[in-house]
2 protein chains.
Amino acid sequence: MILKYKKMKIIRFPEKDEWSKILERPVINFDSLSAIVGDILRDVKERGDDAVRDYTERFDNIRFDTFTVTDEEIALAGTQVNKDLEKALKMSLVNITHFHESQKTRFPVSQITPGVRCWQKSIPIEKVGLYIPGGTAPLISTLLMLGIPAKLAGCKEVIICTPPGRNGEIHPAILYAASLLDISRIFKIGGAQAIAAMAYGTETVPKVYKIFGPGNQYVTAAKLKVSIESTAIDLPAGPSELAIIADDSAVPDFVASDLLSQAEHGIDSQVILVSTSEKLLYNVGEEIEKQVEKLPRRKIASEALINSKFILVQDEELMVEMINDYAPEHLILAVSNYNAVAEKIVNAGSVFLGNYSPESAGDYASGTNHVLPTNGNAKAYSGINLDDFMKKISFQELTKYGLFNIGPSVKILAEAEDLWAHGNAVELRLKNGSSKLNKNESI
Amino acid sequence: MILKYKKMKIIRFPEKDEWSKILERPVINFDSLSAIVGDILRDVKERGDDAVRDYTERFDNIRFDTFTVTDEEIALAGTQVNKDLEKALKMSLVNITHFHESQKTRFPVSQITPGVRCWQKSIPIEKVGLYIPGGTAPLISTLLMLGIPAKLAGCKEVIICTPPGRNGEIHPAILYAASLLDISRIFKIGGAQAIAAMAYGTETVPKVYKIFGPGNQYVTAAKLKVSIESTAIDLPAGPSELAIIADDSAVPDFVASDLLSQAEHGIDSQVILVSTSEKLLYNVGEEIEKQVEKLPRRKIASEALINSKFILVQDEELMVEMINDYAPEHLILAVSNYNAVAEKIVNAGSVFLGNYSPESAGDYASGTNHVLPTNGNAKAYSGINLDDFMKKISFQELTKYGLFNIGPSVKILAEAEDLWAHGNAVELRLKNGSSKLNKNESI
């Protein structure tokens, strides 16, 4: 089924009050999955490995005694990856590492007032679990996007769960990529049972404090469920999205190729093209028609494009406003003054500037992370970065003089809140502690 | 009911496998609230202001036509706050501002490889809602802890919901503190209906992208529910906690006053004292008995102390290990070598160093934030900081030369993932784009 893109409807100059309707995303409702996912979670929590074995048999058609990937399997995988892929993986690894290293922060110690010093320290989350989806192709890049910052942050225990293929094995490229990152605890577990195993721990799988990674609806529903119990998660995940802002300087075949690279992800992919140029919109439609026919995944791409939107607006300001309203996961700025436009973008996951920055560059090797907020979540969430694998602890050190400085205010505020013991903790120290001077008294 | 703290049981040298039992927190189960909270959320989503009016009448015993705080009410509040409280609030404001300003980050632009530049930018979340609980006393300090970073971050729309008192008014200290922060959109709404109003928006209350603030079980359950839909939240909140590590250098009456200041928060407060000195544990117990009788909230504090734990361990290493295992919200280091011990703390919300750093200093005026991870969440979550009011967007700019550098790797990786259109987006640009050189080609 190939669409007639030339005849594709262009939405012309919509009024602002129509935007939310035009840019509406499909509603994802997890209520229907809640019961089945809840059962799986409970069962794995109670029965551990045995339950994992049962669900793996049911959903992945294979029964394991042990689902831990062995050192031999990892070593073997190293011999099965071809040289080109090895080289590409290593370049990607270097670039992603480079960019995520630049995200390291060091906070200064602040002297708030004489005798009162405060500071923050970023500390790696000790135990993290990475979920790498299976399916027809190995998501090697997702493993890099999660594994690299986990290792850079210094997480002590980094484990991977990924569903076994039909033969009960994990794709060698996944194992090889994991070995490049020195991640050796890999479990052949997929679906909600993997999320349960990492959230609660089993005899084999260690309990982790935070779970990362995309997945199908069951995985997402399970992550949401454990997130309101005791395990942190990275991001609420949804179908992938690309918006492009284009003017007459855009190259129609480039734009078409980008829209198609988004559309081939899945039939629920969201593709939006906003332009001030009707000619450009028309030409992109024509180019899509030419390019889509050559794609192996043309059926998926074509279906996704049915829901795509080509929107003509009056000026740049409206393009920017509409995009900030939509808050796309990926945003390409195919406009001549892309630097100026980039300055005005406030809601987006990852932004690609100019004609030579296709989304696929960021998906694999520019260095930025490709695990990004979808479904409008870019209004409040960041894509994955080094900070997601760390938490910050606050520290404060007061000398007696420092407490003398702020203590009276503490007492007044505490009493205004009806918390008298809080004031007492200050008063006692100021009264009774005179003989015990803090060694940093002079600060 | 005053406990005999002198007879309080000290847990002596517990084995490691007993720790999790000893340090167990009460399980908070939101399932029982799920139905009622779900109904309130749905109702407010559908009926807006009218539903809010109904729930306010039902839960707060007052029916409003309009629940927006007026400019007159705010102006009046300014005349009702006494000079001492005004001064204390202003000092606290200065200190918290100072510390949160130190949290500003600037990320460098990374040249990943020639022709490939990537950077991150922190951008304020446009619309945020702050929930300030009501109850017997005004939580002025919580308003400062949330409002200051919201304003510093540059959030455009900052609104407050707080439940009305018996007379239908908001405590003047709350309104005055809000006016100090230049926050003028304040709504007299509490409970799950406030969370619903902020998450979905009503005729009066604007929809926000992220909701902050502590609250009772209904508020927390509502926040968790909206967080798995479309609205971000700050932290999963639970009962407040304090752990103290103490050695013989600790001052028993200081330690007792800190434990009591935690215990007076509520009967579900968690209080843990770990020491290498049995004498210290005993003396603190004695001091608690003396101090508790003088407290206005002695009943609450006494009840909370029933669940407190006094634990004797062999050495410093075990104290640190136990505390990292417990991951307390607040941690006081009442030990002589507190700097060395602080270096080993990896799981805690906020840490107080030495004998003159009571928790109450951080609760009000040292500058650190007091909205912190409870319930062991410090293993994966940070306390509130400036970053929570911002999100990071990634940017990348490739020249044709840059794409030439990384493009082949992108293509190989994309094809390994069976995503051919992704490779095509690169190939087209390298093939067809030769006449269109990027203006930054020389990078």
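Annotations for the structure displayed:
- FRET efficiency for B:Lys83 and A:Asp418, using Cβ-Cβ distance with R0 set to 22 Å, rounded to 0.05: 0.65
- At the listed q of 0.28 Å⁻¹, the Debye profile of the stretch B:3-62, built from one uniform point per Cα, gives log10 I(q)/I(0) equal to -1.09.
- Cα-based radius of gyration of the stretch A:30-236 once divided by 2.2 N^0.38 Å, which approximates compact folds: 1.12
- Taken about its Cα centre, chain B carries a charge dipole of about 1080 debye when Lys and Arg each add +1 at the Cβ and Asp and Glu each add -1 at the Cβ.
- Per-residue SASA entry for A:Leu430, accessible area with 1.4 Å probe, Å² rounded to 10: 50 Å²
- Centroid-to-centroid separation of the stretch B:120-139 and the stretch A:286-351 [C-alpha atoms, Å]: 33 Å
- Relative to the 2.2 N^0.38 Å rule of thumb, the protein assembly as shown has a C-alpha radius of gyration ratio of 0.98.
- Solvent-free Debye calculation, one equal scatterer per alpha-carbon of the stretch B:289-443: log10 I(q)/I(0) at 0.17 Å⁻¹ equals -1.07.
- Over the stretch B:59-101: Kirkwood hydrodynamic radius from C-alpha pairwise inverse distances, Å: 13.2 Å
- Cleavage-rule hits, GluC sites (Glu not before Pro), the stretch B:105-184, DSSP coil, Cβ neighbours within 10 Å at most 16: B:Glu169
- Label distances, nm, A:Lys9 versus same residue in remaining copies, Cβ-directed 7 Å point: 7.3
- Relative contact order (%) - the stretch B:30-236, alpha-carbon pairs under 8 angstrom, separation at least six: 28 percent
- Each 10 Å bin from zero up to the one holding the largest Cα-Cα distance in the stretch B:213-276 carries the following percent of pairs: 19, 35, 23, 17, 6, 0.
- Three principal axis lengths of chain A [C-alpha, angstrom, descending]: 86, 61, 44
- Solvent exposure of A:Val44, expressed as accessible area, is near 0 Å², computed with a probe of 1.4 Å over the protein chains only.
- Restricting attention to the stretch B:57-143, the count of lysine pairs at 8 or more positions apart or across chains with alpha carbons under 29 Å apart stands at 5.
- Computed over the stretch B:28-149, Kirkwood Rh from alpha-carbon pairs, angstrom: 19.5 Å
- For A:Glu86, inter-copy label distances in nm, listed shortest first [label point 7 Å out on the Cα-Cβ vector]: 7.5
- Each copy carries a label point for A:Ser336 at 7 Å from Cα toward Cβ; from one copy, the others' points are 7.5 nm away, ordered from shortest.
- Among chain A residues, the one whose Cβ is nearest the axis of the rotation from A to B, given with its distance rounded to whole Å, is A:Thr105, 3.
- The convex hull defined by the C-alpha atoms of the stretch B:359-403 has an orientation-averaged projected area of 5.6 nm².
- In the stretch B:156-198, inverting the average of 1/r over every pair of distinct C-alpha atoms gives 10.9 Å as the Kirkwood radius.
- Rounded Å value of the spacing that divides the Cα centres of the stretch A:193-252 and the stretch A:63-86: 25 Å
- Cα convex hull of the stretch B:266-322 - mean projected area over all directions, nm²: 4.1 nm²
- Cα-centred dipole magnitude for the stretch A:30-236, charges only on beta-carbon of K, R (+1) and D, E (-1), debye, nearest 20: 860 debye
- Computed over the stretch B:313-385, the percent of Cα pairs more than 16 Å apart is 47.
- Computed over chain A, relative contact order equals 20 percent, with contacts defined as Cα pairs under 8 Å that lie 6+ residues apart.
- Nearest-10 value in Å² for the accessible area of A:His98, using the 1.4 Å probe: 70 Å²
- Here the Karplus curve 6.51 cos²θ - 1.76 cosθ + 1.60, taken at θ = phi - 60°, turns the phi angles of the stretch B:88-101 into couplings of 4, 4, 5, 5, 4, 4, 5, 5, 5, 4, 4, 5, 6, 5 Hz, with x standing for Gly and Pro.
The values are calculated or read from the model by the stated rules, or taken from the named source; none is laboratory data. Please read these numbers as outputs of a predicted model, since none were measured by experiment. When we count neighbours, we look across all protein chains shown, and the Cβ atoms used for this are built from the backbone with ideal geometry, even at glycine. Ligands, DNA and RNA are excluded from the accessible area calculation, which covers all protein heavy atoms including side chains. Shrake-Rupley method; radii C 1.70, N 1.55, O 1.52, S 1.80 Å.
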